[in-house]
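Novice: I'd like to ask some things about the structure below.
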Amino acid sequence: MPTITLPDGSQRRFDQAVTVAEVAGAIGAGLARAALAGELDGRLVDTSYRIEHDARLRIITARDPEGLEIIRHSTAHLLAQAVQTLYPDAQVTIGPGIEDGFYYDFAYKRPFTPEDLERFEARMKELVAADLPVHRRVLPRDQAVAYFRGIGEEYKAKIIEDIPAGEDISLYGQGDWEDLCRGPHVPSTGRLGAFKLMKVAGAYWRGDSKNEMLQRVYGTAWPDEK
């Protein structure tokens, strides 16, 4: 029977374990629609996170700086999914949020063109319209390495191999596409949409000129078109 303490000091008591999304819904329908994540005892978590014990919770929306960061990183995942549905032999590497937007690095047999960016953006909009639920799962490190290596994602496998042994690895998926990520992410792809792909540039794997050249796609993302 968790008791949830909100930022204004008020409390909500529940008869059983409750998700962040359910807490937002208990507060109000508008907040439920706006919720992107939660800050639970100082830690960012997905709206699907189940709270089983007493805790302090702040609902994160697009108005919060953390919400904007989540939108941008989630849009980077949206880009990666779009690229791999169009070019299944492209490998993903890293895709962080940055000031005013995001980027994602890809390993591909040729440089991307402006026409490619148009195709990627069009597919991203299709994925937003599909409103795919975003789901999270956790694997042991060695199992995660084997998983990504098994689907041909050598760069992801190398990234995970650098994580200490024994740590669990979180994966985020939308539809039948999945990526390595710490999270949190928006609840579904339909929560995105105010984005624009800006340019493509070369970038060395891990920033080392001795490594292979990757394709870095830059984009910008915001809570709404305004």
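The values are calculated or read from the model by the stated rules, or taken from the named source; none is laboratory data. The structure displayed is predicted, hence computed values, not measured ones. Note that we place each Cβ from the backbone using ideal geometry, even for glycine, and neighbour counts take in every protein chain shown. Heavy atoms of the whole protein, side chains included, go into the accessibility calculation; ligands, DNA and RNA do not. Shrake-Rupley method; radii C 1.70, N 1.55, O 1.52, S 1.80 Å.
Novice: Once ligands and nucleic acids are excluded and a 1.4 Å probe is used, how much of Thr75 is accessible, expressed in Å² to the nearest 10?
Specialist: Rounded to the nearest 10, the figure is 0 Å².
Novice: Let me ask you something else. In the structure displayed, which of Lys109/Lys226; Lys158/Lys226; Lys158/Lys199 lie more than 30 Å apart, Cα to Cα? Before the final figure, lay out each step's value.
Specialist: On the way: Lys109/Lys226 37 Å; Lys158/Lys226 39 Å; Lys158/Lys199 27 Å.
Exceeds cut-off: Lys109/Lys226; Lys158/Lys226.
Novice: What do you get for trypsin sites (Lys or Arg not before Pro) in the range 64-155 restricted to DSSP loop and a cutoff of at most 13 other Cβ within 10 Å of the site's Cβ? List each step's numbers first, then the result.
Specialist: On the way: sites: Arg72, Lys109, Arg119, Arg123, Lys125, Arg136, Arg137, Arg141, Arg149; in loops: Lys109.
The qualifying sites are Lys109.
Novice: Determine the sum of side-chain charges near Glu212: Lys and Arg each +1, Asp and Glu each -1, restricted to other residues whose C-beta is under 14 angstrom from that of Glu212. Please list the in-between numbers first.
Specialist: Values: positive: Lys109, Arg110, Lys158, Arg206, Lys210, Arg216; negative: Asp105, Glu154, Asp208.
Result for the neighbourhood of Glu212: +3.
Novice: Would you mind counting up the charge near Gln84? Only other residues with Cβ under 11 Å from its Cβ, with Lys and Arg at +1 and Asp and Glu at -1.
Specialist: Details: positive: Arg123; negative: Asp89, Glu153, Asp176, Glu178, Asp179.
Net charge around Gln84: -4.
Novice: How big is the dipole moment of the chain about its Cα centre under a simple scheme where the beta carbon of each Lys and Arg is +1, that of each Asp and Glu is -1, and everything else is neutral? Debye, nearest 20, please. It would help to have the intermediate numbers written out before the result.
Specialist: On the way: 28 positive and 35 negative charges, 40 e Å.
That gives the chain a dipole magnitude of about 200 debye.
Novice: Note the listed values (i) 1.03; (ii) 1.07; (iii) 1.43, then indicate which one is Cα Rg over 2.2 N^0.38 Å calculated from this particular structure.
Specialist: Computing Cα Rg over 2.2 N^0.38 Å and matching it to (i) 1.03; (ii) 1.07; (iii) 1.43 gives (ii).
Novice: Something else: Restricting to Cα pairs below 8 Å that are 6+ residues apart, what does the relative contact order work out to for the chain? Please round to a whole percent. List each step's numbers first, then the result.
Specialist: On the way: 439 pairs, mean separation 44.8, N = 226.
It rounds to 20 percent for the chain.
Novice: Assuming R0 = 22 Å, what is the FRET efficiency of Thr3 and Val138, from their Cβ-Cβ distance, to the nearest 0.05? The partial results should precede the final answer.
Specialist: Working: r = 27 Å, r/R0 = 1.21.
Once the sixth-power term is evaluated, E becomes 0.25.
Novice: What is the calculated FRET efficiency for Glu154 to Asp176, with r their C-beta to C-beta distance and R₀ = 22 Å, to the nearest 0.05? Don't skip to the end; give the middle numbers.
Specialist: Working: r = 20 Å, r/R0 = 0.92.
Approximately 0.60, to the nearest 0.05.
Novice: So who's got an amide H within less than 5 Å of the one on Gly175, skipping anything under 5 residues away but keeping other chains? H placed 1.01 Å off N, in plane.
Specialist: The list, which skips near neighbours in sequence, is empty: none.
Novice: Another question, then. Tally Lys/Arg at +1 and Asp/Glu at -1 over every other residue whose Cβ is under 9 Å from the Cβ of Ala203; what's the total? Write down the numbers at each step before the final one.
Specialist: Numbers: positive: Arg216; negative: Asp105.
Net charge in that neighbourhood comes out at 0.
Novice: Still on this model: In square angstrom, what is the accessible area per residue of the range 103-178 with a 1.4 angstrom probe?
Specialist: Values: 4050 Å² over 76 residues.
Per-residue value: 53 Å².
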